[in-house]
Amino acid sequence: MPPLLHPLRLGGVPVDPPLLLAPMAGQTNHAFRRICREQGGLGLASSELLSARALQFLSSRSRTLDLFDWTPEEGPVAVQIFGADPQEMAEAARRVVEAGAALVDLNMGCWVPKVARQGGGAGLMRDPTRAARVLQAVVEAVEVPVTVKVRAGWDARTGSAVEIARLAADCGVAAVTVHARHAVQGFSGRADWQAITEVVRAIPAVPVIGNGDVTCPAEARGMLLQTGCAGLMIGRAALGAPWIFRQIEHELRTGEPLPGPGLAGRAAVALQQARCLLATTRMPARRAIRELRGQLLHYSLDLPGQTRVREALVRVETPEELDALLAPLTTSRPDPNRPD
Ligand SMILES: Cc1cc2nc3c(=O)[nH]c(=O)nc-3n(C[C@H](O)[C@H](O)[C@H](O)COP(=O)(O)O)c2cc1C
């Protein structure tokens, strides 16, 4: 079987294996990125998107500042910024690099109206001239590699990924990530990986990272073979399953599947994530717990047909309650219906 995973370098930053954790608002905080790294198989993690406009008005109490949570110990982190103004974006890029970002990722994929209507996120794909000015300003502003994450297009007719990827390549980006859905689709429908193939062909000198609907090693193999992309970015399938990168790497290198952890193992990782978040977050504990609930719900911690843990999790208010709920599960017996 020919090897499918080749180490990547984005500018000077090694990405080995070429498996990336997608930026996900409210999810890819320091604790989750660290857990994904510790589980193995992850080449690069990204912060969630940060508003360049909000960074203009940064005060020491700003919520955006709470999101500056990357540390040198967790390994290189790509920090994602969004906005529509070239100077604001350049300034934001400088700020996140000063704070230790190893790469700056420019968001051209966010479709939510609050972002796209102001011309930022995927809104930039509708305005290639502005997109090029933003890309140029950011690339010139910082020494670290700059990458860009795009959609397949704004819609089937406007702002194609190929057009934006060519502009980005001309501006000197280190990689282009393609989420293979149109912006107007949001998350609906299946990702159409053909959009990734087209970008791979259009910018042969720049690595292309494929993204959209990879949930298991077989799909990872399928995307690499079908599109010829240099790396894969995985989002939702990593939530509550940070071991997915290790599973993909293992199966693509050896041809053998690597089973995920059983209930006790899943609970131990969930507890580790909770404790790490509470120990490192800049958010007030109450808010952190509320965010954690949404993150931990992704771990399937209920036995089939039962919803006890889920129900208790959404009511947890304090770190002590969270520990009391999760710690006993970490010593639970293997479930005969689910392989450990
Ligand atoms: C909860 C959530 C938050 C997201 N936040 C961001 C974000 O901050 N920046 C971004 O570029 N994409 C964001 N995305 C999109 C993902 O990065 C990714 O492109 C998308 O989920 C498709 O990949 P997947 O099928 O592997 O999940 C988000 C997705 C989800 C589910």
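The values are calculated or read from the model by the stated rules, or taken from the named source; none is laboratory data. Quick caveat: nothing in here was measured; it's all calculated off a predicted structure. Positions of Cβ are backbone-derived with ideal geometry, glycine not excepted, and every protein chain shown enters the neighbour counts. Just so you know, the surface numbers come from the protein's heavy atoms only, side chains and all, with ligands and any DNA or RNA stripped out. Shrake-Rupley method; radii C 1.70, N 1.55, O 1.52, S 1.80 Å.
Below are the figures for this structure:
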item	result
Of all residues making up region 134-147, the number that are part of a helix (DSSP H, G or I) and open to solvent by 10 Å² or more (accessible area, probe 1.4 Å)	5
Filter result for the condition that a residue is at pLDDT below 95 and buried (at least 16 other Cβ atoms within 10 Å of the Cβ), over P319, P328, P339	P319
Per-region count, region 178-201, residues out of contact with any Cys (no Cβ under 9 Å at 6 or more places or on another chain) and either open to solvent by less than 10 Å² (accessible area, probe 1.4 Å) or within 19 Å of P86 (Cα to Cα) (or both)	3
Residue satisfying all of: in region 207-243; farther than 18 Å from A161 by Cβ, of a type outside the set (D, E, K, R) and near the ligand (Cβ under 10 Å from one of its atoms); most open to solvent (accessible area, probe 1.4 Å) among these	T215
Matching residues in region 109-163 - criterion: being closer than 30 Å to P14 by Cβ, of a type in the set (A, V, I, L, M) and within 16 Å of the ligand (Cβ to nearest atom)	A122, L124, M125, A131, V134, L135, V138, V146, V148, V150, A152, A161
Count of residues meeting criterion [touching a Gly at 6+ places or on another chain (Cβ under 9 Å) and at pLDDT 95 or above] in region 11-33	14
Residues within region 113-133 that are in contact with a Cys (Cβ under 9 Å, 6 or more places away or on another chain) and in a helix (DSSP H, G or I), tallied	5
Near pairs, Cβ below 8 angstrom, 6+ apart or cross-chain, from region 293-321 (acidic (D, E)) to any residue that is open to solvent by less than 40 Å² (accessible area, probe 1.4 Å)	D302/V309; E317/I289
Residue in region 9-24 that is nearest to the chain's Cα centre (by Cα), counting only those that are within 15 Å of the ligand (Cβ to nearest atom) and of a type in the set (A, V, I, L, M)	A22
Among (1) part of a helix (DSSP H, G or I); (2) open to solvent by 30 Å² or more (accessible area, probe 1.4 Å), the one test that L277 misses	(2)
Those residues of region 1-34 which are surrounded by fewer than 14 Cβ atoms within 10 Å (Cβ to Cβ) and farther than 19 Å from T177 by Cα, in sequence order	M1, P2, P3, G26
